[in-house]
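Please treat every number below as a calculation from the coordinates, not as lab data. Quick caveat, the model's predicted, so the values are computed rather than measured. Don't worry about glycine lacking a Cβ; one is built from the backbone with ideal geometry, like all the others, and counts go over all protein chains shown.
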Amino acid sequence: MLGPLYPGSRHIRDVGLRDEADGVIWQFAKTNDFVIVSKDSDFQQCSLLHGSPPKFIWVRLDNCSVAESAELLRKHSAAINTFGQDPAQAHLMLP
């Protein structure tokens, strides 16, 4: 759904991590140079505790559809790309 805007992005189910613990996902993202995008505040805690890499984007939406989440990521693509290129930034919160 977001591949053209964010080339190389993958869902955790596509890399065999759907049922894995947050720590396993964190390590996979760190090892493979991915940015984690999640509504799960546990990753924000990891980001504050460990810093980057990996970078973390916290999507702060209540219950919503995948389409609504995707629209938020499209809407904030400029900020997300700037964040991704700034080595000083570890996490980004999106409303």
(message) Per residue of the stretch 25-35, what does 6.51 cos²θ - 1.76 cosθ + 1.60 with θ = phi - 60° give for ³J(HN,Hα)? Whole Hz please, x for Gly and Pro, Karplus curve as stated.
(response) 5, 4, 5, 4, 4, 5, 5, 9, 6, 9, 9
(message) Run the helix sum for the chain: -39,500 (n - 2.57) per DSSP H stretch of 4+ residues, divided by residue count, reported at 222 nm to the nearest 500 deg cm²/dmol.
(response) -12000 deg cm²/dmol
(request) Consider the candidate values (i) 15, 52, 32, 0; (ii) 14, 33, 20, 22, 10, 0; (iii) 14, 43, 27, 13, 3, 0; state which one is P(r) over Cα pairs in 10 Å bins from 0, in percent computed from the structure displayed. (result) (i)
(message) Using a Cα-Cα cut-off of under 19 Å, which aspartates and glutamates could be cross-linked to Lys39, ignoring same-chain neighbours fewer than 8 residues away?
(response) Asp14, Asp19, Glu20, Asp22, Asp62, Glu68, Glu71
(request) Give me His76, His50 ranked fewest to most by other Cβ atoms within 10 Å of their Cβ, as a rough exposure proxy. (result) His50, His76
(message) Can you give the local net charge around Phe56? Use residues other than it whose beta-carbon is closer than 14 angstrom to its beta-carbon, Lys and Arg +1, Asp and Glu -1.
(response) -1
(request) Return Ser65, Ser47 ranked ascending by Cβ neighbour count within 10 Å, so the fewest neighbours appear first. (result) Ser65, Ser47
(request) Would you mind ranking Met93, Met1 by Cβ crowding within 10 Å, fewest neighbours first? (result) Met93, Met1
(request) Calculate, in nm to one decimal, what Arg74 and Glu20 gain on full extension: separation in residues at 0.36 nm each, minus their alpha carbon distance. (result) 16.7 nm
(request) Using a cut-off of 13 Å between beta-carbons, work out the net charge of the residues near Arg13 (Lys and Arg +1, Asp and Glu -1, Arg13 not included). (result) -1
